[in-house]
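Worksheet: the structure to be examined is printed underneath.
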Amino acid sequence: MRVLFVCVGNSCRSQMAEAIARSQGITAESAGTHPAKEVSTQALQVLEDMKIDASGLVPKNISSIDWKSFDKIISMGCGVQCPNIPIDEDWGLQDPYGGDVDLFRKTALVIQNHIKNLA
């Protein structure tokens, strides 16, 4: 299964989702409508704590992704409006951006549970 995770900044939730999904054998990518300059340091810290490989994670613009090649497109819950891109699921996740590492950890665990339900 190929999954695309989408949010606005592509620096926190969608990046963690991409890495967690890959760690569970799912082919995954992430993108944002207005990508940040870098992946959140808290997101990278949480992934490292979870022993999940975060190498290669970089914010990407949704316009650079061939979204038609994915089996499922999932919004992280940030009200992302992507004209002409069908969102299959919206996970309704609170954005941890600006929060402490504990908030990122809680968000990562919720993402991990959602991903387990994809298989």
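A short reminder: the numbers here are calculations on the coordinates, not readings from a lab. All values derive from a computational prediction rather than experimental measurement. In this analysis, Cβ positions are derived from the backbone assuming ideal geometry, glycine residues included, and neighbour counts consider all displayed protein chains.
Over all other residues within a Cβ to Cβ distance under 15 Å of Phe70, the charged ones net out to -1, with Lys and Arg as +1 and Asp and Glu as -1. Here the average projected area of the convex hull drawn through the C-alpha atoms of the chain stands at 6.4 nm².
Charge tally for Ser23 (other residues, Cβ to Cβ under 15 Å; Lys, Arg +1; Asp, Glu -1): -2. Bridgeable aspartates and glutamates around Lys68 (alpha carbons under 16 Å apart, same-chain partners fewer than 8 residues away excluded): Glu29, Asp88, Glu89.
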